[in-house]
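Beneath this line is the structure, given in structure tokens, with notes to follow.
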């Protein structure tokens, strides 16, 4: 691995700074939700996102399959972590970094040193185009293909793919393709639609989605 580089740190710091994030004092919101696999009757719920990784859902009726309710919570939490974000200096920024600026269509490569997940990031035009993380024999690869661009230049992933690979297996054991839509309310973006196409290791493809509407800003207790 190349020697630590200030250029690598500044490149990645700038990309994180350009990502759209809720203000630190944003209180979260509740919304009406409908979700479920394609081709089935949608399930109604009331949901709330109030912080990074902090999401709740009250489902109006028993879901036919328990995993469907778990999927909803999983995706709401993922959306909340994306929208609130985290502090760069306490996360990726606490590691030394090196830069591989060899020409690549997805941009320069930043490699983190001593990170237990061996994370890497590709950055092009101030946006993270690819990120990888390892957990034992599993490798997660996220590639972003399209972005929501705000008038102030900040960006948010709009279409991206997450693949999970296992050492010794020829192809990915899971692939999730995401499509996200947002709606502007009082200067901030609220998630309106998330659609996920999942392909498992047997080649089975499922499409599941959630839609949100009637957002209400959370009130202080």
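Summary table below
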item: Residue match in the range 9-23 (condition: at positive phi and touching a strand residue (DSSP E or B) at 6+ places or on another chain (Cβ under 9 Å)); result: no
item: Which listed residue, of 146, 195, 124, is over 30 Å from residue 34 (Cβ atoms) and at pLDDT 95 or above; result: 124
item: Evaluation of residue 93 against (1) surrounded by 14 or more Cβ atoms within 10 Å (Cβ to Cβ); (2) in contact with a strand residue (DSSP E or B) (Cβ under 9 Å, 6 or more places away or on another chain) (one fails), failing number; result: (2)
item: Residue count for the range 24-45, restricted to those that are under 15 Å from residue 217 (Cβ atoms) and touching a strand residue (DSSP E or B) at 6+ places or on another chain (Cβ under 8 Å); result: 7
item: Single residue of 157, 191 found to be under 15 Å from residue 141 (Cβ atoms), touching a residue at least 40 places away in the same chain (Cβ under 8 Å), in contact with a helix residue (DSSP H, G or I) (Cβ under 9 Å, 6 or more places away or on another chain) and surrounded by 13 or more Cβ atoms within 10 Å (Cβ to Cβ); result: 157
item: Qualifying residue in the range 53-75 (condition: surrounded by 18 or more Cβ atoms within 10 Å (Cβ to Cβ), without any contact (Cβ under 8 Å) to a residue 40 or more places away in the chain and within 30 Å of residue 122 (Cβ to Cβ)); result: yes
item: Of all residues in the range 160-188 being more than 15 Å from the chain's Cα centre (by Cα) and under 17 Å from residue 84 (Cα atoms), the one that is surrounded by the most Cβ atoms within 10 Å (Cβ to Cβ); result: 188
item: From 99, 83, residue being surrounded by 15 or more Cβ atoms within 10 Å (Cβ to Cβ) and touching a strand residue (DSSP E or B) at 6+ places or on another chain (Cβ under 7 Å); result: 99
item: Tally, over the range 1-37, of residues that are under 22 Å from residue 109 (Cα atoms) and either out of contact with any helix residue (DSSP H, G or I) (no Cβ under 9 Å at 6 or more places or on another chain) or modelled with pLDDT under 95 (or both); result: 14
item: Evaluation of residue 9 against (1) under 30 Å from residue 207 (Cα atoms); (2) surrounded by 14 or more Cβ atoms within 10 Å (Cβ to Cβ); (3) under 22 Å from the mean Cα position of the chain (by Cα) (one fails), failing number; result: (1)
item: Every residue from the range 14-26 that is in a helix (DSSP H, G or I) and buried (at least 16 other Cβ atoms within 10 Å of the Cβ); result: 15, 16, 18
item: Enumeration of residues in the range 29-51 that are closer than 17 Å to residue 180 by Cβ and within 18 Å of the chain's Cα centre (by Cα); result: 49
item: Strands (runs of 3 or more DSSP E) wholly inside the range 29-131 containing at least 3 residues that are closer than 25 Å to residue 196 by Cβ; result: 29-37, 43-51, 54-59, 120-124
item: Pairs where the first residue, in the range 93-115, is on the phi > 0 side of the Ramachandran plot and the second is surrounded by 14 or more Cβ atoms within 10 Å (Cβ to Cβ) and modelled with pLDDT of 95 or more, C-beta under 7 Å, 6+ apart; result: 107/122; 107/123; 107/124; 107/129; 114/95; 114/96
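The values are calculated or read from the model by the stated rules, or taken from the named source; none is laboratory data. Computed from a predicted structure; not experimentally measured. So basically every Cβ, Gly included, is an ideal-geometry build from the backbone, and we count neighbours across all protein chains shown.
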